[in-house]
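Report on one structure; see the data block that follows.
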Amino acid sequence: MPGRVHSVSSRPTEPNARPGRIRMALKSTIYKAELQIADMDRHYYADHALTVARHPSETDDRMMVRIVAFALFAHERLEFSKGLSDVDEPDLWQKDLTGAIDVWIEAGQPDERRISKAAGRAGQVTVIAYGGKASDIWWQGVRSKVERLRNVQVLSLADGVAAALGRLAERTMRLQCTVQDGAAWISSADHDPVAVEWTVLKARAGA
């Protein structure tokens, strides 16, 4: 059973922007999250201490989607990437003991070239899209190419979920996430639980 994991991340804009090299003058805001996960579908139960760096151009909604992505795919080796310091990294990744990338997770609306490149670098790729109608339009634009990538899955959060998650954001958070029967709920002491619902737009081959 994994113990407490400290993760650091910083990621840009909404929901598909990927910046070039950013000068250090742009200072991120540091958020702390004590995340308790009870995933009955995967039989994964652990507490994680997360340190999340939110870039000035990133909204609370997107930051919280990243945290939920961590909760849904939690593993002792899953971690947030370097963020703005390297545009060739995802929002989260999981590497094996040799440094090879097992899992690559993107939040937002990456273009098909980025998804294809990720599929060539990682064993499994997950894209968590959000944004309602804008997300639907994005998917129609990339669908024909992404559907050919066997190791990629694409999930789309229900409209309004990202905004509801954003309202949970505080500089210091104590969050609980429960996953059961393909559904998830995330809550804090000061907020009602948020039902995290999603549609599978594309499943991985053999999943």
Within region 16-34, restricting attention to residues that are within 22 Å of Glu106 (Cβ to Cβ) and out of contact with any strand residue (DSSP E or B) (no Cβ under 7 Å at 6 or more places or on another chain), which residue is modelled with the highest pLDDT? Leu26
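Okay, residues lined up against (1) more than 17 Å from the chain's Cα centre (by Cα); (2) surrounded by 15 or more Cβ atoms within 10 Å (Cβ to Cβ); (3) at pLDDT below 95:
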site	(1), (2), (3)
Leu165	no, yes, no
Glu170	yes, yes, no
Gly182	no, no, yes
Asp190	yes, no, yes
Ala195	no, no, no
Leu201	no, yes, no
Within the bounds of region 167-188, is there any residue that is among the β-branched types (Val, Ile, Thr) and touching a Cys at 6+ places or on another chain (Cβ under 9 Å)? yes
Condition first: outside any strand (DSSP E or B), farther than 26 Å from Met40 by Cβ and among the basic types (Lys, Arg). Can you find one or more residues in region 129-143 that meet it? yes
First in region 180-203 and in contact (Cβ under 8 Å) with a residue 12 or more places away in the chain and closer than 16 Å to Asp159 by Cβ, second anywhere and basic (Lys, Arg) and outside any loop (DSSP other than H, G, I, E, B), Cβ under 8 Å, 6 or more apart: Leu201/Arg143
Which of the residues spanning region 47-79 are under 13 Å from Ile105 (Cβ atoms), part of a strand (DSSP E or B) and not charged (D, E, K, R)? Leu78
So, in region 184-207, how many residues would count as being of a type in the set (Lys, Arg) and either more than 25 Å from Val142 (Cβ to Cβ) or part of a loop (DSSP other than H, G, I, E, B) (or both)? 1
Between residues in region 115-133 that are surrounded by fewer than 20 Cβ atoms within 10 Å (Cβ to Cβ) and residues that are in a strand (DSSP E or B) and among the aromatic types (Phe, Trp, Tyr), which pairs lie under 8 Å by C-beta distance while being six or more apart or on different chains? Arg121/Trp104; Gln124/Trp104
So which pairs qualify, if the first residue must be in region 34-57 and in contact (Cβ under 8 Å) with a residue 12 or more places away in the chain, the second must be β-branched (Val, Ile, Thr) and in a strand (DSSP E or B), the Cβ gap must be under 6 Å, and the two must be at least 6 apart or on different chains? Ala38/Thr178; Asp39/Val179; Asp41/Val179; Ala46/Ile37; Ala53/Ile30; Arg54/Thr29
Which of the residues belonging to region 158-174 are touching a helix residue (DSSP H, G or I) at 6+ places or on another chain (Cβ under 7 Å) and not in a loop (DSSP other than H, G, I, E, B)? Ala162, Ala163, Leu165, Gly166
Kindly indicate the residue of region 35-59 that is acidic (Asp, Glu) and buried (at least 18 other Cβ atoms within 10 Å of the Cβ) and also modelled with the lowest pLDDT among those meeting that condition. Glu58
Inside region 86-114, the number of residues satisfying the requirement of being surrounded by fewer than 18 Cβ atoms within 10 Å (Cβ to Cβ) and among the hydrophobic types (A, V, I, L, M, F, W, C) is 4
Go through region 106-115 and report how many residues are out of contact with any Pro (no Cβ under 8 Å at 6 or more places or on another chain) and either part of a strand (DSSP E or B) or farther than 29 Å from Gly166 by Cα (or both). 0
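The values are calculated or read from the model by the stated rules, or taken from the named source; none is laboratory data. Just so it is clear, the model here is predicted, and its values are computed rather than measured. Neighbour counts are summed over all protein chains in view; Cβ atoms, including those assigned to glycine, are modelled from backbone coordinates with ideal geometry.
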